[in-house]
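Please treat every number below as a calculation from the coordinates, not as lab data. Since this is a predicted model, take the numbers as computed values, not measurements. Note: ideal-geometry Cβ built from the backbone for every residue, glycine included; neighbour counts use all protein chains shown.
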Amino acid sequence: MTETTYLTWLLLIPLAFSLAAFAARWLGSVCRVVVETAHLLSVTLVLVISFLTVNAVLDSGQLFGMSHWLHVDALSTIFLLIIGVVGFLVGLYSIGYTRHDLETGEFDNNRFSTYYGLFSLFVFSMLLVVTANNIIMMWVAVEATTLGSAFLVGIYGRHASLEAAWKYIIICTVGVAFGLYGTILVYSDAFNVMQVPGSAVLWTEIVKNTQALDPALIKMAFVFVLIGFGTKAGLFPMHAWLPDAHSEAPSPISAMLSAVLLNCALLVVFRFATISNLVLGPSFAQTLFLIFGTISVAAAAFFMYVQRDLKRLLAYSSMENIGLIVLAFGLGGPAGIFAGLLQAINHSLVKALMFCATGNILIKYHSRNLDQVKGMLQVIPVTGVLIFVGALALVGTPPFNIFVSKFFIITAGLGTGYAWLMILCLLLLTVVFAAFFRVIASALFGEKPDGVGQGESNWLTLLPGAVLILLILALGLYIPPQLMTLLNGASGLALTGTPIEPAALLNAKDFWAPLAHLLP
Amino acid sequence: MSSVTLVNSLTGLLILTSLLVIEVKRPRWSALMYSLQSIVLVGIFVVLAYAMEAGQLYLWAASAFITKVVLVPWLLYRALSQVGDPEKPRNAMGATLSFFLAAVAVAVSFIVVSQIQLKAAAPFKPALAVSMAHFFFGELCILTQRNLFKQLLGFCLMENGSHLTLALLAYNAPELVEIGIATDAVFGVVMMVVLGNQIYKRLRTLDTSDLSTLKG
């Protein structure tokens, strides 16, 4: 395997393992062992190749594959890392979770192999989103994520899960149809300007030819793209599918939807925002980002406050965090984008932890209702600790990672003159804090319900959570220089389509500067 | 009548057939109306190919005929036959309001399209406005219809609108782009039909108002 073939392998591996998992249903008694082994191998290889790709991008800036139809740069590498790391850990958790479903009869061999076949297909489609350079293929990949994951949402075949799956598929397909319309407008414009059909479809070529694009058409296209792919990212008011799908899906799938898929959709929006920035100037996209980001955070905060269903609470928390990331992109300048991307990474890790821990609660309590989930520290103490630490991290408590990225967002906002917006943001985050601790405290403590036995399900449902806690704590205390390089490179790419000048590279100290100005 | 005028005029038929898809009572008839509309779309591609000497568009017309005139309506007709083709539930909003909103969509689309400066779009601005309005008709269909399969047809209408926009703005674009979009759309329809069937088998309903237990 050489650097030029990394991207091809990255896509082929989950696709091949998906087909293998689907086919394994005919193997009878060895089906379970074959599927689990193939799945573990698939997520491990994806993790390893993701790291190899990151390393290659750190060395050479970008990688192309399949006649430039595939491309990764610093920006997409960040999302690739999220897929690799979260995909691996949630994939590991899946094994423990589905073993329980097999024991209780929720899954038979058929459903078991369908689950893992769709899981790998879902990972494949998300990898295709982040590695696509062909903008039509980018749309096809986003559409494919819906089609793959909708059946995972409805896999239990219950009334509520089928309802959630239908809402998910119809709302996201319609949303992504908006995305298609925007994509077609950009492609048509580029095609008429460049007159080279093969190049007009490539994002890397379009950003080199933006000077001749029609501003009216690009403006229209970006609105379509933001509505379309913003639906998939769960931005308010196009979020209606999100709480239903997240709450009804099996917990590992909820983790993948929240921690990975939403980010993939955002990446597509950011790719088109770069084109919009180059044609129209940055203010158009930034204004829209500020509006959608702020209303998403605000709406999510209040939805969270009234929730009694743990998974719906986490789903709205995803909407809040996606809103924060978009808001950070709207602040303008590389600092906001840097902070937004760091928030994307941090939120992914914490949300994966929370959904995995919620899966353990479901296994034990058979309920997500916070009026019934009580006394976790007595019943499942390790999961209780995971939930407690995850909740602390999620609301932005030091020394965990989200504290750092939220702090960076606030200081980036202060540095770009959005002091009032940041104050509003802090007030909304206080509502989020209250919402979380009102419910988490009652779930952790309190009297355990009768008939709920003590003890965790199995070690595979705990190990990924423990690793995630270590990562969350590590990133709260230290940002590795390689990640700083990627974040700096990505900020420049998202803003102007080219890497940032070395003189303008940011480091953690730069985010203290706006605060220093405020001090007497 | 020049070919350009013919293209602009034919798009008027798209509006008519869209309203038929949305408003006929039996979902199976809607599938047939969709097939009829796709014949109009194929006709527009052929006239456009002739008018602009765009050879690629003949291929688009051929693939659109296979996927939109035959394959998708057949899939829907067959699926609806299996579930007994229940008469569609009453619209979430009345037909009069639907027509009014459709008229608003056309008006807004004309205003938006008038701002486009792209040279290739100049002769086809009326058709372009209709293609955009058509996209919104699909959205309207999804919002107003309570039958799962009618909502699916709304997605097909949106997709037809996108397809026409692409043909009008980039009639020399390679066939591969069109095939990619059409294949994915057909794949989407297949997946939604499968899920719709699963829902009918489990819940014995195609009415989306029966799918409203998840709230808040």
**Rounded Å value of the spacing that divides the Cα centres of region B:169-216 and region A:361-421** = 36 Å
**Request:** Counting helices only, and only those DSSP H runs with n ≥ 4, report the 222 nm mean residue ellipticity of chain A as the sum of -39,500 (n - 2.57) divided by its residues, in deg cm²/dmol to the nearest 500.
**Result:** -25500 deg cm²/dmol
**Request:** Give the long-range amide H neighbours of A:Leu70: residues separated by 5 or more places, or on another chain, with amide H under 5 Å away, using H modelled in the peptide plane at 1.01 Å from N.
**Result:** A:Gly65, A:Asn133
**Complete:** If each K or R counts +1 and each D or E counts -1, the residues other than B:Phe187 whose Cβ falls under 12 Å of its Cβ total -3
**Message:** Along its three principal axes, how long is region B:1-72 when you only count alpha carbons? Whole Å, largest extent first please.
**Reply:** 40, 25, 11
**Item:** Hz values of 3J(HN,Hα) by residue in region A:313-325 - Karplus curve (6.51, -1.76, 1.60), Gly and Pro given as x
**Value:** 4, 5, 5, 5, 5, 4, 4, 4, 5, 5, x, 4, 5
**Asked** Just going by the charge dipole of the protein assembly as shown, with Lys and Arg at +1 and Asp and Glu at -1 on Cβ, which of B:Thr67, A:Leu427, B:Leu16 is farthest out on the positive end?
**Response** B:Leu16
**Complete:** Taking only the Cα positions of region A:197-309, the convex hull volume per residue in Å³ is 111 Å³
**Asked** Amide H neighbours of B:Asn147 under 5 Å, counting only residues 5+ apart in sequence or on other chains, H built in-plane at 1.01 Å?
**Response** B:Thr208
**Prompt:** What is chain A's relative contact order, in percent, from Cα pairs under 8 angstrom and six or more apart in sequence?
**Reply:** 15 percent
**Message:** Report, to one decimal in Å, the Kirkwood hydrodynamic radius for chain A based on all distinct Cα pairs.
**Reply:** 22.9 Å
**Prompt:** Which of B:Met52, B:Val112, B:Ala170 sits closest to the plus end of the dipole of chain B, meaning its Cα is farthest towards the positive end, when Lys and Arg get +1 and Asp and Glu get -1 on the C-beta?
**Reply:** B:Val112
**Request:** Measure up B:Lys125/B:Lys150; B:Lys68/B:Lys125; A:Lys311/A:Lys374; A:Lys167/B:Lys215; A:Lys311/A:Lys351 against 19 Å on the Cα-Cα distance and list the ones that go over.
**Result:** B:Lys125/B:Lys150; B:Lys68/B:Lys125
**Message:** Positive end of the dipole of the protein assembly as shown, charges at C-beta (+1 Lys, Arg; -1 Asp, Glu), about the Cα centre: which of A:Leu278, A:Thr397, A:Val54 has its Cα farthest in that direction?
**Reply:** A:Thr397
**Request:** Tabulate in residue order the Karplus-calculated ³J(HN,Hα) for region A:32-42, using 6.51 cos²θ - 1.76 cosθ + 1.60 with θ = phi - 60°, rounded to whole Hz; enter x for Gly and Pro.
**Result:** 4, 5, 4, 5, 4, 5, 4, 5, 4, 5, 4
**Request:** Rounding to the nearest 20 debye, state how big the charge dipole of region B:34-171 is about its Cα centre with +1 on each Lys and Arg Cβ and -1 on each Asp and Glu Cβ.
**Result:** 160 debye
**Asked** Cα centroids of region A:41-99 and region A:308-359: how far apart, whole angstrom?
**Response** 20 Å
**Message:** Pick from B:Leu48, B:Leu169, B:Leu128 the residue whose mean-square fluctuation is largest in a GNM of chain B, springs joining Cα atoms under 10 Å.
**Reply:** B:Leu169
**Message:** From the helices alone, meaning DSSP H stretches of at least four residues, give me the mean residue ellipticity at 222 nm for chain B, per-run term -39500 (n - 2.57), in deg cm²/dmol to the nearest 500.
**Reply:** -25000 deg cm²/dmol
**Prompt:** Hey, could you pull the Cα Rg and Dmax for region B:76-216, both in Å?
**Reply:** 17.6, 53
**Message:** Below 16 Å, Cα to Cα, which aspartates and glutamates can B:Lys201 reach? Residues fewer than 8 away in the same chain don't count.
**Reply:** A:Glu163, B:Asp85, B:Asp210
**Cα centre as origin, Lys/Arg/Asp/Glu Cβ charges: the protein assembly as shown dipole, Debye** = 1200 debye
**Fill in**
Residue by residue through region A:260-275, the couplings from Karplus 6.51 cos²θ - 1.76 cosθ + 1.60 with θ = phi - 60°, in Hz, x for Gly and Pro, are 10, 4, 4, 5, 4, 5, 5, 4, 5, 4, 5, 4, 6, 5, 4, 4
**Prompt:** Rounded to a whole number of µm²/s, how large is the Stokes-Einstein D of region A:1-149 at 10 °C and 1.306 mPa s, given Rh as the Kirkwood radius over C-alpha pairs?
**Reply:** 101 µm²/s
**Asked** Going by alpha carbons, how many degrees (0 to 90, nearest 10) lie between the helix axis of B:125-144 and the longest principal axis of chain B?
**Response** 10 degrees
**Prompt:** Can you give the angle from 0 to 90° between the axis of helix B:72-82 and the longest principal axis of chain B, with both taken from C-alpha atoms, to the nearest 10?
**Reply:** 10 degrees
**Complete:** Taking the square root of 5λ for each eigenvalue of the C-alpha gyration tensor of region B:1-149, the equivalent ellipsoid has semi-axes, largest first and in whole angstrom, of 29, 21, 10
